[in-house]
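The values are calculated or read from the model by the stated rules, or taken from the named source; none is laboratory data. Here the structure is a predicted model, which is why all the values come from computation and not from measurement. Because the Cβ atoms are built from the backbone with ideal geometry, glycine has one as well, and the counts that use them run over all protein chains shown. Ligands, DNA and RNA are stripped out before the accessible areas are found, and what is left, the full protein with its side chains, is counted by its heavy atoms. Shrake-Rupley method; radii C 1.70, N 1.55, O 1.52, S 1.80 Å.
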Amino acid sequence: MLLPTSNPGLQWRGIAPPLALSDYKVIAFDMDSTLISIETLDEMADLMGKKAEVAALTEAAMRGESVDYKQSLRERVALLAGMPAAMLDRVYEERVRINPGAETLIAACKAAGLTCLLVTGGFTCFTDRLRARLGLDDVRANVLEVRDGLLTGRLLPQPWGDICDGEEKRRKLLEVCAARGVGPQRAIAVGDGANDLPMMRAAGLSVGYRAKPVVRQEAKVAIDEGGLDRLLELFA
């Protein structure tokens, strides 16, 4: 059972605050609807007049209703074939908004010596800018194929694999922990959707931010109101 704090919208289980942030060495964030307020793929589809179709597939995937996340992502990306790559700039500039408290939480984590990681089923056209903007240390994301200035509706394979899904998020988290010389119990994973569960299950502290029910029922910490910096209320 999640236990309420004295403030509404923040609950936990299986931990005994106050915790020490310096006890952790890695924090991994999901991007869409976690670090930022939108689902970037849905907003891309909106510019193509296909938001309802793509958003329905996204919602099913985030709730854990899609049997094959990779196939779901391929289907959604395929619907965007022919989209001018210049529209990606519009999505970032006009629609991407950092969620409240994200910058405060990241700054606190960096000050405490944590490696800050972004792992997402989203795309490098957005993560590259967020990495620079927020001072993140590492990123794992997907690459959209572009030819003659247009999206082809396909994703490009990368040295680590084809698609960053839930298992790839977990692998990247474990890889960064190994590089830091620590076990995953000293990692924090923050997400909202079903494809975040593999990394959340591996991490010592799992945080659901305004999470889907399938995630909230497993997360050690649930932030249902306020910003991401509410997590800091659990630390001395």
Here the residues within region 112-161 that are surrounded by 14 or more Cβ atoms within 10 Å (Cβ to Cβ) and assigned to a loop (DSSP other than H, G, I, E, B) are A112, L114, L136, D137
The one condition E75 fails out of (1) in contact with a Ser or Thr (Cβ under 8 Å, 6 or more places away or on another chain); (2) touching a residue at least 12 places away in the same chain (Cβ under 8 Å); (3) among the charged types (D, E, K, R) is (1)
Residue hits (region 46-62; buried (at least 17 other Cβ atoms within 10 Å of the Cβ) and under 19 Å from the mean Cα position of the chain (by Cα)) are V54, A55, L57, T58, A61, M62
Selection from region 214-236 of residues open to solvent by less than 60 Å² (accessible area, probe 1.4 Å) and either touching a Cys at 6+ places or on another chain (Cβ under 8 Å) or part of a helix (DSSP H, G or I) (or both) yields V214, V215, L228, D229, R230, L231, L232, L234
The residue from S33, S22, S37 that alone is of a type outside the set (A, V, I, L, M), more than 21 Å from R171 (Cα to Cα), open to solvent by 50 Å² or more (accessible area, probe 1.4 Å) and under 14 Å from the mean Cα position of the chain (by Cα) is S37
>> Being without any contact (Cβ under 8 Å) to a residue 24 or more places away in the chain, surrounded by fewer than 18 Cβ atoms within 10 Å (Cβ to Cβ) and over 20 Å from R63 (Cβ atoms) is the requirement here; does G181 meet it?
In response: yes
Filter result for L105 (touching a residue at least 12 places away in the same chain (Cβ under 8 Å), surrounded by 20 or more Cβ atoms within 10 Å (Cβ to Cβ) and closer than 21 Å to D196 by Cβ) = yes
Here the qualifying pairs (Cβ atoms under 8 Å; residues six or more apart or on different chains; first in region 145-161 and farther than 18 Å from S72 by Cβ and among the basic types (K, R); second open to solvent by 30 Å² or more (accessible area, probe 1.4 Å) and at pLDDT 95 or above) come out as none
Checked region 63-78 for anything touching a helix residue (DSSP H, G or I) at 6+ places or on another chain (Cβ under 6 Å) and either surrounded by 23 or more Cβ atoms within 10 Å (Cβ to Cβ) or of a type in the set (A, V, I, L, M) (or both); matches are R76
* To do: Determine whether E43 is more than 18 Å from the chain's Cα centre (by Cα), free of Cβ contacts under 8 Å to residues at least 60 places away in the same chain and part of a helix (DSSP H, G or I).
  => no
